[in-house]
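Before any comments, here is the structure.
The values are calculated or read from the model by the stated rules, or taken from the named source; none is laboratory data. Values in this document were obtained by computation on a predicted structure and should not be read as measured data. Note that each Cβ is placed from the backbone with ideal geometry, even for glycine, and that neighbours are counted across all protein chains shown. The accessibility values were calculated without ligands, DNA or RNA, using every heavy atom of the protein model including side chains. Shrake-Rupley method; radii C 1.70, N 1.55, O 1.52, S 1.80 Å.
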Amino acid sequence: MSLVLRGGRIIDSGGERILDVEIGEDGLIAAVGTGLTGDVNLDASGCVVSPGFVDLHAHLREPGLEEAETIQTGARGGSLGGYTALVAMPNTDPTTDCVAVVEQVRSLGRRSTCEIIPTAAMTLRRDGVDMAPMGELVDAGVGIFTDDGTGLQDPRLMRRIMEYSTGLGRRLGRPVVLAQHCEVAALSAGGYMHEGEWSSRLGIPGQPAEAEELMVMRDIALVRMTGAHLHFQHLSTASSVAMVRGAKAAGLPVTAEATTHHFILTDAACASYDPVFKVHPPLRTDVDVRAIREGLADGTIDAIATDHAPHAPHTKEMPFDQAPAGMLGLETAFSLALGDSGLDLPEVLALLSWRPAAIAGVADRHGVPVVPGAPANLCVVDPDETWTVSGAAMASLSSNTPYEGRTLRGRVRHTIRAGEPVVVDGEARR
Amino acid sequence: MSAVIDRRADNDRGRHLLGIGGMDRSDLEEILDLTDTFAEIGRRPIPKVPALRGRTVATVFFEGSTRTRMSFEVAARRLSADTVAFNAGTSSLSKGESIRDTVEVIAAYGADLLVVRHSMAGTAHRVAGWTDLSVVNAGDGCHEHPTQALLDCYTLRERRGSLDGMRIAIIGDVRHSRVARSNVLAFTALGAEVVLVAPATLLPPAIEGWPVTVVHELDPILGDLDAVYLLRIQGERITEGLIPSLREYASDFCLTAGRVARMRSDALVLHPGPTNRGVEISAEAATDQRSVILDQVVNGVSVRMAVLFLLLGSGRQLGAVDAGDSVEGDR
């Protein structure tokens with residue numbers, strides 16, 4: 001059964017054109033042209049056809065925290081948000097630090113509506129002490145290692161892991177990526193929001209920006225020393241952006257992501273004392289928000305990530321210190337990136353699709369130009385449709401969105417994953 | 001951003017006193033004026049009136065406290081309200097119940113007003129958003145302790161007639177003090193000048209915009225002050241690396257007999273209690289004729305009677321509930 005997306009404006013890394021897209025039963029794009037008709041025809045007129053989005057940073061909570069999210073529900077939310085691939089963080093229970101858990105995540109992923117790309121922890125149990133079996137994990141196809149949720153504190157161990165990773169690239173077929181959550185724990189300990197004017201007024205202990213910046217600085221130095229590819233997760237401060245900009249100018253192999261909330265929300269939101277605004281790294285200041293947007297615009301930051309972090313409702317009905325950090329992101333990222341980043345649509349699509357696809361090592365099948373023979377991982381977005389955010393209406397098992405009640409512009413209409421229409425007219429098919 | 005410390009809740013369903021932030025001079029003066037009435041009741045042979053008969057005040061303390069809880073209970077009973085007490089230590093919280101569930105259960109017992117204390121900033125505000133009952137913040141982490149500020153203002157006003165033009169030093173661990181945050185707002189709203197005196201590590205990380213001046217040495221300003229407000233120093237500030245030792249702190253900041261003697265004869269000494277004798281205040285200074293520490297305790301009951309009466313007896317909203325509001329009228 002063939003599928004045709006009709007009348008959409010295609011935007012990919014090759015440019016723009018208005019053409020129909022025919023997708024064959026083999027899950028590949030069969031034809032791109034005019035006047036195409038298939039067994040099933042989806043209207044894309046007035047819409048944009050893009051390679052599907054790739055999230056470099058999703059917490060899918062399975063195995064172990066299925067109360068908050070499962071791979072199936074997380075992927076469904078991803079599909080509704082236009083994603084065709086999600087990079088799954090390893091802070092599961094048990095930790096994704098061995099081949100068995102990687103295979104479990106991948107196996108669950110195969111039954112979901114996105115390609116699930118497992119990451120593995122750099123250290124066993126993410127405890128920052130013992131190196132995970134990186135060679136075995138690379139042989140199992142893992143290309144990204146991260147202790148996300150915490151930064152790897154010990155500079156000596158970080159150096160060793162960087163060095164070790166450079167010897168694994170040939171087995172993987174591309175450089176191994178180490179993704180760091182930059183936070184010097186000794187400096188951030190006991191803090192629950194950004195340390196600054198707001199934390200001082202609100203009486204909530206803060207985490208200084210320097211807790212992030214010191215580790216960004218350290219890791220840039222270690223990249224210079226070792227040549228490892230380091231990916232900076234969720235940059236949140238102006239100085240972090242500036243340091244990464246300098247590292248790139250010096251030709252170092254570093255990449256970076258920013259989340260939607262770090263270029264939209266500020267620490268002022270914590271004045272509600274609602275832990276829905278509690279996130280790591282914390283929401284920063286207006287100055288930082290502007291710097292993140294500049295970093296996205298000038299290419300310092302390679303990708304927009306979600307840091308989608310579902311938490312069961314009762315865990316957020318707690319005092320600010322006791323509630324877990326994190327917010328939902330998959331279903332709102334495209335609209336927020338389009339409406340609030342200051343970037344135009346082609347730039348937004350690049351930051352959501354083909355640039356993160358390259359970092360994730362899936363550029364052969366995601367973020368690929370829309371041409372015959374390419375895998376049909378696509379989304380169709382309406383840049384003008386408005387909708388109102390409702391946590392309860394989301395596919396996620398959790399509802400901790402900080403944008404509840406906001407009306408956003410730009411909506412995902414259809415998502416095609418390996419040729420299958422998994423979202424049609426904004427509704428998930430499975 | 002405005003200089004005031006905000007105090008807010010999720011909604012305006014109940015009538016609350018959550019903080020001094022958002023209250024203006026007339027709001028504060030209304031409570032202080034009403035306190036005169038209740039102070040008079042406290043001086044009667046039988047200090048009890050039926051104003052809140054049949055109403056129930058629940059003290060919901062997620063953090064240990066003896067004095068504040070007793071003060072609220074005495075205030076409630078003088079108004080003929082019933083009191084019930086919730087203690088976090090012996091409750092189902094230790095069994096993993098969410099704080100929202102806890103609050104809803106207490107409400108179901110028929111309480112009319114919750115007096116809430118918690119070790120984390122904002123918890124009273126969150127509780128106010130979850131219940132239709134009135135909520136009084138009896139201390140939320142390092143944020144606010146509004147009835148303490150009201151009783152302090154009442155005590156100063158009782159001695160001086162007005163806070164206008166007074167120069168008041170708040171000395172000690174401002175960083176971790178809800179009393180300091182509430183008093184900065186209350187003292188300045190009532191026309192006083194506030195000087196914060198502390199080592200740099202015991203000040204909030206960013207206080208640009210606060211209506212205060214900051215100094216790190218006490219001795220040079222001691223003779224120019226109308227009042228000193230001493231904050232409690234806790235031993236854990238040393239293990240946190242904020243000060244080298246209590247001895248060094250005391251050497252620089254303790255109100256000793258020698259220092260109190262250098263203060264003006266009509267200056268006042270306040271402390272929210274309990275005092276650490278020899279750390280922030282010496283025994284001689286605490287009992288000096290300038291000390292009004294016991295007056296503060298007595299006035300605490302009167303102020304809390306006024307607050308409970310305003311919230312339960314008159315249906316008044318005390319101060320603003322939402323961000324940006326200054327004063328709310330009747331609701």
| query | Counting only heavy atoms of protein chains, what accessible area per residue, in Å², does region A:52-360 have with a probe of 1.4 Å? | reply | 29 Å²
| query | Top to bottom by accessible area (1.4 Å), largest first, where do A:E427, B:E240 land? | reply | A:E427, B:E240
| query | So which DSSP H runs in chain B come out at 24 Å plus along the axis (Cα) with average Kyte-Doolittle of at least -0.5? | reply | B:25-42
| field | Other-chain or far-sequence residues with amide H under 5 Å of A:C379's (modelled H) | value | A:S50, A:G52, A:I416
| note | Each label sits 7 Å from Cα toward the beta-carbon; between B:E208 and B:E29 the label points are separated, in nm, by 3.4 nm
| said: Using only the alpha-carbon atoms, how far is helix A:286-298 inclined from the longest principal axis of chain A? Give it as 0 to 90 degrees, nearest 10. | reply: 50 degrees
| said: As I understand it, the value is the acute angle between the Cα axis of helix A:99-110 and the longest principal axis of the Cα atoms of chain A; what does it come to in degrees, rounded to 10? | reply: 30 degrees
| Mean shadow of the protein assembly as shown, computed from the convex hull of its alpha carbons, in nm²? | 34.1 nm²
| query | From the backbone phi of region A:404-418, what are the Karplus-calculated ³J(HN,Hα) couplings (6.51 cos²θ - 1.76 cosθ + 1.60, θ = phi - 60°) in whole Hz, Gly and Pro given as x? | reply | 3, x, 6, 8, 10, 10, x, 9, 7, 9, 10, 10, 10, 10, 6
| said: Please report the carbon-and-sulfur percent of the accessible area for region B:146-295; probe 1.4 Å, protein heavy atoms only, DNA, RNA and ligands left out. | reply: 49 percent
| remark: Taking placed amide H atoms and a strict 5 Å upper bound, the residues 5 or more places from A:G82 or on another chain that come that close are none
| request: Provide A:V368, A:V279, B:V298 ordered by accessible surface of protein heavy atoms (probe 1.4 Å), highest first. | output: B:V298, A:V368, A:V279
| Shape call for region A:354-430 from the C-alpha gyration tensor, a ≥ b ≥ c root eigenvalues: rounded (a/c under 1.5), prolate (a/b greater than b/c) or oblate? | prolate
| field | Surface/4 of the Cα convex hull for region B:146-295, nm² | value | 7.9 nm²
| If amide H atoms are built 1.01 Å from N in the plane of the peptide, which residues on other chains or at least 5 residues away come under 5 Å of the amide H of A:T70? | A:L397
| request: Report the one residue of A:G173, A:L230, A:G196 whose Cα lies farthest in the direction of the positive end of the charge dipole of chain A (charges on C-beta: Lys and Arg +1, Asp and Glu -1; origin at the Cα centre). | output: A:G173
| field | Gain upon complete extension [A:T388, A:E25; 0.36 nm per residue less C-alpha separation] | value | 127.2 nm
| Given charges at Cβ of Lys, Arg, Asp, Glu: chain B dipole, positive-most of B:V74, B:I281, B:G300 | B:V74
| remark: Looking only at aspartates and glutamates whose Cα falls under 14 Å of A:K248's and that sit 8 or more positions away or on another chain, we get A:D219, A:E257, A:D298, A:D302
| field | region A:62-132-region B:185-251 distance, computed between alpha-carbon centres (Å) | value | 49 Å
| said: Let me make sure I get this right: for region A:289-375, a, b and c are the square roots of the gyration tensor eigenvalues over alpha carbons, sorted descending. Under 1.5 in a/c it's rounded, otherwise prolate if a/b > b/c, else oblate. Which is it? | reply: prolate
| task | Quick one: check the C-alpha center-to-center distance for region A:246-299 versus region A:403-430, whole angstrom. | result | 26 Å
| message | Placing unit charges on C-beta atoms (Lys and Arg positive, Asp and Glu negative, everything else neutral), compute the dipole magnitude of region B:146-295 about its Cα centre in debye, rounded to 20. | response | 200 debye
| query | Measuring from label point to label point, each 7 Å out along Cα→Cβ, what is the B:V215 to A:D286 span in nm? | reply | 3.4 nm
| query | Tilt of helix A:238-249 relative to the longest C-alpha principal axis of chain A, in degrees (0 to 90, nearest 10)? | reply | 70 degrees
| said: Let me spell out the model: positive unit charges on the Cβ of Lys and Arg, negative unit charges on the Cβ of Asp and Glu, origin at the Cα centre of region A:52-360. What dipole size does that give, in debye rounded to 20? | reply: 800 debye
| task | Provide the net charge surrounding A:G38, with neighbours chosen by a C-beta distance below 12 Å and charges set as Lys +1, Arg +1, Asp -1, Glu -1. | result | -3
| task | With a ≥ b ≥ c taken as the square roots of the eigenvalues of the C-alpha gyration tensor of region A:52-360, please select rounded if a/c is under 1.5 and otherwise prolate if a/b is larger than b/c or oblate if it is not? | result | rounded
| task | Report the charge-dipole magnitude of region B:22-141 in Debye, nearest 20, computed about the Cα centre from +1 at each Lys and Arg Cβ and -1 at each Asp and Glu Cβ. | result | 520 debye
| said: Which three numbers, in whole Å and largest first, are the semi-axes of the equivalent ellipsoid of chain B derived from its Cα gyration tensor as √(5λ)? | reply: 32, 22, 19
| field | Residue (of B:Q148, B:V194, B:L218) at the positive-pole extreme of region B:146-295, dipole from beta-carbon charges | value | B:Q148
| field | Reduced Cα scattering model of region B:100-158, Debye log10 I(q)/I(0), q = 0.15 Å⁻¹ | value | -0.48
| query | Using a cut-off of 19 Å between alpha-carbon atoms, which aspartates and glutamates can reach A:K316, once sequence neighbours fewer than 8 places away in the same chain are excluded? | reply | A:E66, A:E67, A:E69, A:D267, A:D274, A:D307, A:E404, B:D10, B:E97, B:D101, B:E104, B:D140
| message | What distance in nm separates the two pseudo spin-label positions at A:V424 and B:Q289, each 7 Å out from Cα along the beta-carbon direction? | response | 9.2 nm
